[in-house]
Amino acid sequence: MKTYTHEELKEILKLHKMWLLEKERGKRADLSGSDISCSNLSCSNLSGSDISCSNLSGSNLSGSELINAILTDDIKIKSKKPVKYYIGSDYYCLFVGSIIKIGCEVHYYKD
């Protein structure tokens, strides 16, 4: 799995923010297949990003936006305990075993 330094991740998020505002200037965040466990992604706008096949265990997503982000059934959450990530003030992701709950929607994935 690809790993990123704090500075590399910061640059990816900066370019993604630019891409959200003006597609020609920035670059869509492609974090697919990466190990971004224990990363501080709080208050990040990850809308439209690709985080499929990524390890998000222990990452802080509080206050983040994930509208239209690519969350395939390959997201790796390496925890047997429920893991809860807040997305904005109204929604959260809850990972329990093979269940992902985003707001009031429930999704399933296979490990």
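The table that follows gives values for the structure above.
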item: Neighbour-count order for I12, I67, I51, fewest beta carbons within 10 angstrom listed first; result: I67, I12, I51
item: Segment N60-T3, length gained on full extension (0.36 nm per residue, minus Cα span); result: 18.9 nm
item: For region 2-80: lysine pairs under 26 Å (alpha-carbon distance), excluding those fewer than 8 apart on one chain; result: 18
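None of the figures in this text is laboratory data; all of them are computed from the coordinates on show. Keep in mind the model is a prediction, meaning the values are calculated, not measured. Here the Cβ is made from the backbone with ideal geometry for all residues, glycine too, and neighbour counts use every protein chain on show.
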